[in-house]
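For reference, the structure is listed below as C-alpha cells.
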Amino acid sequence: MRIPLAKLLLVAMLACGAVPRPAHAAEPDPWAYFGLYTLQDGTLFHGGLLEEGDADIWIFGNPERPGLGGVYRKASATRFESLLRPGQALSFSELVDGQFQRIDLHATDGPAQTGRRGPRNTRRDVQIPAAGGTIGASLLAPACRAPHPTVVFVNGSGRTTRQIGDFATFLLDQGMAVLVYDKRDGDPATPGWQQQSLTEIGADAAAALAWAVAQPEIDPRRTGIFGSSQGGWTGAMAAVGDPGADFLIVRAGPGVTETEALLHETRNELRAEGLAGTDLDKAMDLRRELYALAVQGRPISEADALVAPWRDTPWYRKAFGDKPVSELWSARWWGRAADSMSISPVPYLERYDGPVLWFLGEDDENVPLVSSHAALSRTFARMPGDDQTLVVLEDAPHSFVVDAQSPDARYADDYLPTLRDWLATRTLSRRGCHAGK
C-alpha cells in the first residue's frame, strides 16, 4: 500500500507535538534499546523502533497488559517520552556491549518500575544476495536451543527498514527467530523502494526466505512468511517460490488487486479532504481510467490527454492539483504500474498448500474489507491445503491500533492472542524456551 503502516500513529504523534526524526549525534543505535526486559514483578516489557519514512515511532509494552507502555518519542539518548500519556516516560541505563541493560518506567504519579534486559536474543547482521545486488538484513534469534522456527518479515509499502518495533520482540517472546530486512534503496533522490515493482519486491522476499532456510540455526521445516499490508501480495509470491514457505501469515493485506486497493484508499483520502458527492465520483472515475491506461502499458502522454478536459474544474484541482499526470507521477512509476497494479494474491494462494492465517481490519482505510474478504474466502475454498484461517478484527484500522490518539491506544483485542494461539497450535512457537527448553 502507498500509506505506511504507522500512518495513524504518526497522526497521533503530530497531535501530541512530536517531531520527525531528530538528529542525535554519537548516540547508541536503535538496537541498543530493542529487546525484551523483565520488570521487578516478573512482567515482560518489550519493543523497539518502528521506522517508516522520515519518522521514528518507538513502541514498548506488553500485549497482555494494554495499559502498560505505549508509543514514545525519543527525547534524549536515554529518555523516551510518552506521546499519549503525558508525564509517562522510559529511561535507559547501563549500556554494555552496545545494549542497555536497565529500563525504568516512569508513571505520572507513583514510583518508577525497573526492569532488566532479558530474556535475551542474539542478532546477526548480514547481506543477502538478491537480483541485481544485496539486501541488508538482521537475523534475530531467541536464547533457546536451535534450530529455531523462523518468521521472515515482509514489510509493507513505503521506505521501510528492518526496524519493525514490537512485532519482532513479540515473535522472539514466542521462541521464534525473525529475519528482518531493509527495502532496497537506490539513488537518494529516487529511493529504490519507489522504483521496484511488486514482482521485484516479491523476488526480494523469496531471496530472504531462501537465505533463511539455509542457515544452520534455522529449522527449514518451520520457516514461514509474515507479510504486512503490501506484504500480503509480495509475501504470497514468496510463499510459493523456491524453496517456499512452511506457513503464511498476513496482517492487513488486500485480497484484491493493487488497483482495487488504491481506489479504496484514495476515495477515503479524498473524502477526508472534503471531496464528496458527484465531485468525488468524478475524481474516482478519472483515477480508475488512469490506472487502466497504466495497466495496459499505454504511454503517460495518453494520461495527460485523458485529464486535459477536466484540469480546470474544482474537483480535479482538489483531487490531483494543478499539474498534468506526467508531472504528478514519474515515468518509472507509470512503467511499474503495468506490472504491479493488476497483481492479486489469489493466483499465488491457489498454488499454496501450507497453513494460512490472514487478518483483515473491520475499519481499514487502505484495504477494502468486503471485497477482500469475499476474494479470500473463495480462494481458500480452492486451495490445495486444508488449513486456512481468515480473521476480521473488530474496529481495527489499517494499523490494527484502536483508539490510536487516546491514552487507551492498543492493538485490536483479538489480534495478538489469535496470532499467539495459532502459532502454538501448529507447534510453530516455543514460548518459554528461554528457560532452556
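Tabulated data
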| read-out | value |
| --- | --- |
| Distance between segment 266-305 and segment 239-259 - C-alpha centres, whole angstrom | 27 |
| Along principal axes, Cα extents of segment 172-286, largest first, whole Å | 59, 33, 27 |
| Burial ordering of Lys183, Lys323, Lys282, fewest other beta-carbon atoms within 10 Å first | Lys323, Lys282, Lys183 |
| Segment Gln40-Thr122, length gained on full extension (0.36 nm per residue, minus Cα span) | 27.2 nm |
| Length gained when the stretch Thr427-Ala214 is fully extended (0.36 nm per residue, less Cα-Cα span) | 74.6 nm |
| 0 to 90° range, to nearest 10: angle between helix 258-272 axis and the chain longest Cα axis | 90 |
| Cα pair count fraction exceeding 15 Å, expressed as % - segment 258-340 | 55 |
| Net charge, Thr223 excluded, C-beta distance under 15 Å - Lys, Arg +1, Asp, Glu -1 | 0 |
| Considering only segment 311-416, percent of DSSP beta bridges that pair antiparallel, nearest 5 | 25 |
| Spin-label pair Arg221/Val346, simplified geometry with 7 Å Cα→Cβ offset, distance in nm | 3.6 |
| Computed E for Arg288/Ala131 - FRET, C-beta separation, R0 30 angstrom, nearest 0.05 | 0.40 |
| Percent breakdown of C-alpha pair distances by 5 Å bin, ordered from the shortest bin, for segment 81-209 | 2, 9, 15, 17, 15, 14, 12, 9, 5, 2, 0, 0 |
| Value at 222 nm in deg cm²/dmol, rounded to 500, when DSSP H runs of n ≥ 4 in the chain each add -39,500 (n - 2.57) | -9000 deg cm²/dmol |
| Extension gain, Asp395 back to Ala338 (0.36 nm per residue minus Cα-Cα distance, nm) | 17.1 nm |
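None of the figures in this text is laboratory data; all of them are computed from the coordinates on show. Remember, predicted model here, so these are calculated numbers, not experimental data. When we count neighbours, we look across all protein chains shown, and the Cβ atoms used for this are built from the backbone with ideal geometry, even at glycine.
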